[in-house]
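Engineer: Just passing along the structure, written as C-alpha coordinates.
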(Lines give C-alpha, C1' and ligand atoms only; values in the text may rest on other atoms or scores of the structure.)
Protein backbone atom coordinates (compact mmCIF):
# COMPACT_ATOMS: atom_id res chain seq x y z
CA UNK A 1 0.00 0.00 0.00
CA UNK A 2 1.32 3.39 -0.98
CA UNK A 3 1.97 5.76 1.93
CA UNK A 4 -0.58 8.53 2.21
CA UNK A 5 0.38 12.14 2.87
CA UNK A 6 -2.35 14.62 3.69
CA UNK A 7 -1.90 17.70 1.50
CA UNK A 8 -3.38 20.00 4.15
CA UNK A 9 -1.11 18.78 6.97
CA UNK A 10 0.46 22.23 7.38
CA UNK A 11 -3.00 23.79 7.70
CA UNK A 12 -3.94 21.16 10.30
CA UNK A 13 -0.81 21.90 12.30
CA UNK A 14 -1.44 25.64 12.16
CA UNK A 15 -5.06 25.25 13.25
CA UNK A 16 -4.07 22.91 16.08
CA UNK A 17 -1.56 25.51 17.24
CA UNK A 18 -4.20 28.25 17.10
CA UNK A 19 -6.55 26.07 19.13
CA UNK A 20 -3.83 25.48 21.72
CA UNK A 21 -3.15 29.23 21.98
CA UNK A 22 -6.90 29.90 22.28
CA UNK A 23 -7.19 27.34 25.09
CA UNK A 24 -4.28 28.93 26.94
CA UNK A 25 -5.83 32.38 26.54
CA UNK A 26 -9.14 31.04 27.87
CA UNK A 27 -7.39 29.50 30.86
CA UNK A 28 -5.60 32.79 31.58
CA UNK A 29 -8.87 34.74 31.34
CA UNK A 30 -10.55 32.27 33.70
CA UNK A 31 -7.69 32.61 36.19
CA UNK A 32 -8.00 36.41 36.12
CA UNK A 33 -11.75 36.17 36.58
CA UNK A 34 -11.38 33.76 39.50
CA UNK A 35 -8.83 36.02 41.19
CA UNK A 36 -11.16 39.00 40.79
CA UNK A 37 -14.05 37.01 42.25
CA UNK A 38 -11.95 36.19 45.31
CA UNK A 39 -10.91 39.85 45.68
CA UNK A 40 -14.50 41.02 45.29
CA UNK A 41 -15.73 38.57 47.92
CA UNK A 42 -13.02 39.77 50.30
CA UNK A 43 -13.96 43.40 49.65
CA UNK A 44 -17.64 42.65 50.27
CA UNK A 45 -16.82 40.88 53.52
CA UNK A 46 -14.77 43.88 54.59
CA UNK A 47 -17.69 46.19 53.76
CA UNK A 48 -20.06 44.04 55.81
CA UNK A 49 -17.66 44.12 58.76
CA UNK A 50 -17.34 47.90 58.48
CA UNK A 51 -21.14 48.26 58.42
CA UNK A 52 -21.44 46.08 61.49
CA UNK A 53 -18.74 48.09 63.26
CA UNK A 54 -20.46 51.33 62.38
CA UNK A 55 -23.78 50.05 63.68
CA UNK A 56 -22.15 48.81 66.86
CA UNK A 57 -20.26 52.09 67.29
CA UNK A 58 -23.44 54.16 67.35
CA UNK A 59 -24.48 52.76 70.68
CA UNK A 60 -21.63 54.51 72.53
CA UNK A 61 -20.66 58.13 72.72
CA UNK A 62 -20.40 60.05 69.45
CA UNK A 63 -16.94 61.12 68.30
CA UNK A 64 -17.17 63.20 65.13
CA UNK A 65 -13.50 62.87 64.13
CA UNK A 66 -13.59 59.09 64.44
CA UNK A 67 -16.89 58.95 62.57
CA UNK A 68 -15.52 61.06 59.70
CA UNK A 69 -12.36 58.93 59.45
CA UNK A 70 -14.43 55.76 59.53
CA UNK A 71 -16.80 57.15 56.89
CA UNK A 72 -13.88 58.03 54.60
CA UNK A 73 -12.44 54.54 55.01
CA UNK A 74 -15.88 53.06 54.35
CA UNK A 75 -16.27 55.18 51.22
CA UNK A 76 -12.81 54.12 50.01
CA UNK A 77 -13.69 50.47 50.57
CA UNK A 78 -16.99 50.94 48.75
CA UNK A 79 -15.15 52.54 45.78
CA UNK A 80 -12.74 49.60 45.76
CA UNK A 81 -15.66 47.15 45.75
CA UNK A 82 -17.34 49.05 42.93
CA UNK A 83 -14.11 49.06 40.92
CA UNK A 84 -13.70 45.32 41.47
CA UNK A 85 -17.28 44.76 40.24
CA UNK A 86 -16.48 46.62 37.03
CA UNK A 87 -13.23 44.71 36.58
CA UNK A 88 -15.04 41.42 37.17
CA UNK A 89 -17.68 42.20 34.57
CA UNK A 90 -14.94 43.14 32.08
CA UNK A 91 -13.04 39.94 32.90
CA UNK A 92 -16.20 37.88 32.47
CA UNK A 93 -16.82 39.45 29.07
CA UNK A 94 -13.20 38.79 28.11
CA UNK A 95 -13.51 35.15 29.21
CA UNK A 96 -16.68 34.81 27.14
CA UNK A 97 -14.91 36.21 24.08
CA UNK A 98 -11.98 33.86 24.66
CA UNK A 99 -14.39 30.93 25.05
CA UNK A 100 -16.04 31.80 21.73
CA UNK A 101 -12.61 32.02 20.07
CA UNK A 102 -11.66 28.66 21.55
CA UNK A 103 -14.87 27.07 20.27
CA UNK A 104 -14.29 28.52 16.81
CA UNK A 105 -10.69 27.27 16.77
CA UNK A 106 -11.90 23.83 17.80
CA UNK A 107 -14.46 23.84 14.97
CA UNK A 108 -11.72 24.66 12.49
CA UNK A 109 -9.57 21.78 13.79
CA UNK A 110 -12.53 19.39 13.60
CA UNK A 111 -13.23 20.47 10.01
CA UNK A 112 -9.65 19.65 8.99
CA UNK A 113 -9.87 16.33 10.84
CA UNK A 114 -13.05 15.44 8.94
CA UNK A 115 -11.38 16.38 5.66
CA UNK A 116 -8.39 14.23 6.54
CA UNK A 117 -10.58 11.28 7.51
CA UNK A 118 -12.49 11.58 4.22
CA UNK A 119 -9.25 11.82 2.23
CA UNK A 120 -7.76 8.79 4.02
CA UNK A 121 -10.90 6.76 3.34
CA UNK A 122 -10.80 7.76 -0.34
CA UNK A 123 -7.09 6.89 -0.50
CA UNK A 124 -7.69 3.47 1.05
CA UNK A 125 -10.55 2.78 -1.36
CA UNK A 126 -8.40 3.80 -4.34
CA UNK A 127 -5.49 1.67 -3.16
CA UNK A 128 -7.87 -1.24 -2.56
CA UNK A 129 -9.27 -0.91 -6.09
CA UNK A 130 -5.76 -0.75 -7.53
CA UNK A 131 -4.69 -3.84 -5.59
CA UNK A 132 -7.81 -5.70 -6.67
CA UNK A 133 -7.19 -4.74 -10.29
CA UNK A 134 -3.63 -6.00 -9.96
CA UNK A 135 -4.84 -9.29 -8.48
CA UNK A 136 -7.40 -9.64 -11.26
CA UNK A 137 -4.74 -8.97 -13.89
CA UNK A 138 -2.39 -11.48 -12.29
CA UNK A 139 -5.16 -14.11 -12.15
CA UNK A 140 -6.02 -13.40 -15.79
CA UNK A 141 -2.42 -13.93 -16.86
CA UNK A 142 -2.25 -17.17 -14.94
CA UNK A 143 -5.44 -18.36 -16.55
CA UNK A 144 -4.13 -17.42 -20.01
CA UNK A 145 -0.89 -19.38 -19.45
CA UNK A 146 -2.62 -22.59 -18.51
CA UNK A 147 -2.90 -25.17 -21.17
CA UNK A 148 -6.37 -26.22 -21.99
CA UNK A 149 -7.45 -29.53 -20.58
CA UNK A 150 -7.20 -32.21 -23.23
CA UNK A 151 -9.21 -35.43 -22.72
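The values are calculated or read from the model by the stated rules, or taken from the named source; none is laboratory data. Small disclaimer: the values here were computed from a predicted structure and weren't measured. Virtual Cβ from ideal backbone geometry, glycine too; neighbours counted across all protein chains shown.
Engineer: What single numbered condition from (1) modelled with pLDDT under 95; (2) touching a helix residue (DSSP H, G or I) at 6+ places or on another chain (Cβ under 6 Å) fails to hold for residue 26?
Structural biologist: Tallying (1) modelled with pLDDT under 95; (2) touching a helix residue (DSSP H, G or I) at 6+ places or on another chain (Cβ under 6 Å), residue 26 fails exactly one: (1).
Engineer: If the requirement is being assigned to a helix (DSSP H, G or I), more than 39 Å from the chain's Cα centre (by Cα) and surrounded by fewer than 15 Cβ atoms within 10 Å (Cβ to Cβ), which of these qualifies: 79, 56?
Structural biologist: Values: 79 fails: more than 39 Å from the chain's Cα centre (by Cα).
None of the other options fit; the residue is 56.
Engineer: Let me ask you something else. For residue 7, indicate whether it is modelled with pLDDT under 95, closer than 30 Å to residue 129 by Cβ and either touching a strand residue (DSSP E or B) at 6+ places or on another chain (Cβ under 6 Å) or surrounded by fewer than 16 Cβ atoms within 10 Å (Cβ to Cβ) (or both). I'd like the intermediate steps shown before the answer.
Structural biologist: Details: modelled with pLDDT under 95: yes; closer than 30 Å to residue 129 by Cβ: yes; either touching a strand residue (DSSP E or B) at 6+ places or on another chain (Cβ under 6 Å) or surrounded by fewer than 16 Cβ atoms within 10 Å (Cβ to Cβ) (or both): yes.
Spelling it out, residue 7 is indeed modelled with pLDDT under 95, closer than 30 Å to residue 129 by Cβ and either touching a strand residue (DSSP E or B) at 6+ places or on another chain (Cβ under 6 Å) or surrounded by fewer than 16 Cβ atoms within 10 Å (Cβ to Cβ) (or both).
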